[in-house]
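Comments concern the structure below.
All of the numbers you see were taken from the coordinates with simple rules; none came from a lab. Just so we're clear, the structure is a prediction, and the values are computed from it rather than from any experiment. For neighbour counting, all protein chains shown are included, and Cβ atoms are generated from backbone atoms with ideal geometry for every residue, glycine included.
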Amino acid sequence: MEDLIRGLAQFKTTVFPELSGLFQELAYVQSPTTLFIACSDSRVVPELLTQQQPGRLFVVRNAGNIVPSYGPEPGGVSAAIEYAVAVLGVKDIVICGHSNCGAMSAIAMAETVAHLPAVAAWLRHADAAKAVNATGVYETAQERVEELVRQNVKVQLNNIRTHPSVAVALETERIALHGWVYDIETGRVDILNYETGRFEALDPKQFCG
């Protein structure tokens, strides 16, 4: 907690004054351009990864960057998606998986989470990815996990299409869906190519000259 308090003090005395104009603009309104759905893993920080200032990303984080299919009793993820799309009018949705994901490792390696009933129930939203992963042949356990991370991003992209607000926005071409996988050790980001169905490394030269 002491680290957090020191950080808060530094924010108040150093960071906030430098961005005071921005915070004045954000005090009563937000207009993020992107809904960013990521894992709760402490090593994954969407704003740091994308170098975005406050107000640019509407972030949803949970174990395994999961998006439950729309159902009769929508939960917090569904509510956040609906608000981001129907009210805030985001133009892009990114679902971002990451390397060495604990949730995906538990699924891929069939680790029991019976002692964690809430976790077990939540991870069932990745059952489709689990089924696809089980059909593959992998040389190592790590390769199995890495592939499941990618398969899970694809499944969650399919799930989010079942949400009415997203379906309408896609039909009217007001929004675009993106699948990313972030490698923590190298900083590499692979992006899903919808034409090939494969994840391809982002080439910074395309955007940075």
### Task
For the chain, with a Gaussian network of springs between Cα atoms less than 10 Å apart, report the residue from GLN156, GLN51, GLN24 with the top mean-square fluctuation.
GLN24
#### Entry: Sum of side-chain charges, VAL189 neighbourhood, beta-carbon under 11 Å (Lys, Arg +1; Asp, Glu -1)
-3
### Query
Put +1 on the Cβ of each Lys and Arg and -1 on the Cβ of each Asp and Glu in region 108-209; which of VAL153, MET109, ALA141 then has its Cα farthest toward the positive end of the dipole?
VAL153
### Query
Sorted from fewest to most neighbouring beta carbons within 10 Å, what does the list TRP122, TRP180 look like?
TRP122, TRP180
### Message
Among HIS98, ALA84, THR33, whose Cα projects farthest towards the positive end of the dipole of region 20-203, with charges put on the beta-carbon of Lys, Arg (+1) and Asp, Glu (-1)?
### Response
ALA84
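What is the order of PHE199, PHE58, PHE11, fewest Cβ neighbours within 10 Å to most?
On the way: PHE199 19, PHE58 22, PHE11 12.
By the 10 Å Cβ count, ascending, the order reads PHE11, PHE199, PHE58.
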### Task
Rank ILE184, PRO164, SER42 by how far each Cα sits towards the positive end of the charge dipole of region 20-203 (+1 on Lys, Arg Cβ; -1 on Asp, Glu Cβ) and give me just the farthest.
PRO164
### Query
Ranked by Cβ crowding within 10 angstrom, fewest neighbours first, how are ARG198, ARG144 ordered?
ARG198, ARG144
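Out of all DSSP beta bridges with both ends in region 20-203, state the antiparallel percent to the nearest 5.
Roughly 30 percent of the beta bridges in region 20-203 run antiparallel, per DSSP.
Applying 1/(1 + (r/R0)^6) with R0 = 22 Å to the Cβ-Cβ distance of ARG161 and ALA201, what FRET efficiency is obtained, to the nearest 0.05?
0.30
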### Query
For region 115-209, what is the convex hull volume of the alpha-carbon atoms per residue, in Å³?
164
### Query
If we restrict to alpha carbons, what Rg and Dmax does region 20-203 come to, in Å?
16.6, 54
### Query
For region 74-157, which GluC sites (Glu not before Pro) are both in a DSSP coil and crowded by at most 16 other Cβ atoms within 10 Å?
GLU111, GLU139
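For region 70-114, what does the alpha-carbon gyration tensor say about shape, rounded, prolate or oblate, given a ≥ b ≥ c as the root eigenvalues, a/c under 1.5 as rounded, and a/b over b/c as prolate?
oblate
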### Message
Suppose each label sits 7 Å from its Cα in the direction of the beta carbon; what would the TYR194-ALA141 distance come out to in nanometres?
### Response
3.7
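How big is the charge dipole of the chain about its Cα centre, in debye rounded to the nearest 20, if each Lys and Arg gets +1 on its Cβ and each Asp and Glu gets -1 on its Cβ?
Details: 16 positive and 23 negative charges, 52 e Å.
About 240 debye.
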### Query
Given a cut-off of under 8 Å on Cα pairs at least six residues apart, what relative contact order in percent is computed for the chain?
21
#### Entry: Whole-Å distance, taken between Cα centres, linking region 133-198 and region 51-91
16
